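Only one structure is covered here, and it is reproduced in the block below.
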Amino acid sequence: MATSLMAQKPHAPEKQAELDAQVVKAMPSVKALAKPAKTRKILVLSKVAGWYHSSIETGKTCFKEMAKVSGAFEAVFNDDSSYYTNANLAKYDAILFNNTSYSQDYFNAEQRKAILDFIRNGGGFIGVHAASDCGTSAKKAKTTWPEITEMIGGAFDGHPWTRKGMYGIRNEDPEHKILQPLKGKGFKISDELYKYKDYKRENQRVLLTIDMEESYHKNGRKDHDHALLWVKNYGKGRVFFSAFGHNEHVFYNPMILQTWLNGIQFALGDLDVKTEALPIPKEHKDFKPQENK
């Protein structure tokens, strides 16, 4: 585990084995919606320089099993920041940031450029939860990386919705292919949900948000627009971001797993989906907190 400023503790081997078994048990329900155009490879990064999430190892098992069961891609895991060069990234179809935090502190300028050029020139990016805790968000980081915040679509700005709560999730785009497992509905989930800054809805297609009617928080954004899952284009590349992934159970939730696989197939270029921005829904735009809790 990389040294971090703050950290949860890694699970004991016995506990981690139990969590991994849950992932393996859940994965057979996941199916690729699209046939890969070729053998796809994803480079998975799980390195941190800030907060270490105890769910990182469960995430690694998740994407390893997803690759094996779905056949949609091969997963290669490498936390050596020096590996992230133009030449090495050219071997892959997408990069996946698995709960990475403060990534600007371990990538130098050349590596940063290589990552963004890779995506801009047609590669894919998948971000999970703390992948957004970098760029312009990390108050205790040694430096900033605003360009990666622009690519991702937003930066971590606190988590008023803490990991032990149960929150309502609004389905913004019921017909979207990525949301196929939701069957047109919203849902509830227990996870730590982020608030974002340097986020503009018009720069991405927001698919899921926090339902303000069910889960308003006084410390949320003033516009009540709390995006949790989105897709966007970045140059010729494709970006899929999920705010879910703090709690371990998320990585063996069949509905989330299928949604993630759909998003991953989009990022890889195998699943064609709509990426045009949607307006903020009337239910959020006209939301009046004083009339609710």
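Every number here is computed from the coordinates shown, using simple stated rules; none is lab data. Since the structure is predicted, the reported quantities are computational estimates derived from the model, not experimental observations. Neighbour counts are summed over all protein chains in view; Cβ atoms, including those assigned to glycine, are modelled from backbone coordinates with ideal geometry.
The table below lists the values:
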read-out: Sparse-neighbour loop sites [GluC sites (Glu not before Pro); the range 144-243; at most 10 other C-beta within 10 Å; DSSP]; value: 175
read-out: C-alpha center-to-center spacing [the range 199-215, the range 248-293] in angstrom; value: 8 Å
read-out: Top of 47, 236, 177 by mean-square fluctuation, Gaussian network on the chain, Cα under 10 Å; value: 236
read-out: FRET efficiency, residue 82 to residue 166 (Cβ-Cβ, R0 45 Å, nearest 0.05); value: 0.60
read-out: Two-site label geometry, residue 285 and residue 41: point separation in nm, points 7 Å out along Cα→Cβ; value: 4.6 nm
read-out: The range 210-293: C-alpha gyration tensor shape, a/c 1.5 cut-off, then a/b vs b/c; value: oblate
read-out: Pairs beyond 28 Å (Cα-Cα), from 68/113; 15/64; 91/185; 9/285; value: 68/113; 91/185; 9/285
read-out: Lys, Arg +1 and Asp, Glu -1 on Cβ, resulting dipole of the chain about Cα centre, debye, nearest 20; value: 140 debye
read-out: Rounded, prolate or oblate (a/c below 1.5 giving rounded, otherwise prolate when a/b exceeds b/c) for the chain by Cα gyration tensor; value: rounded
read-out: Computed [θ] at 222 nm, helices only, for the chain once each DSSP H run of length n ≥ 4 contributes -39500 (n - 2.57); value: -7500 deg cm²/dmol
read-out: Theoretical gain in end-to-end length, residue 203 to residue 275 [0.36 nm per residue, Cα-Cα removed]; value: 25.0 nm
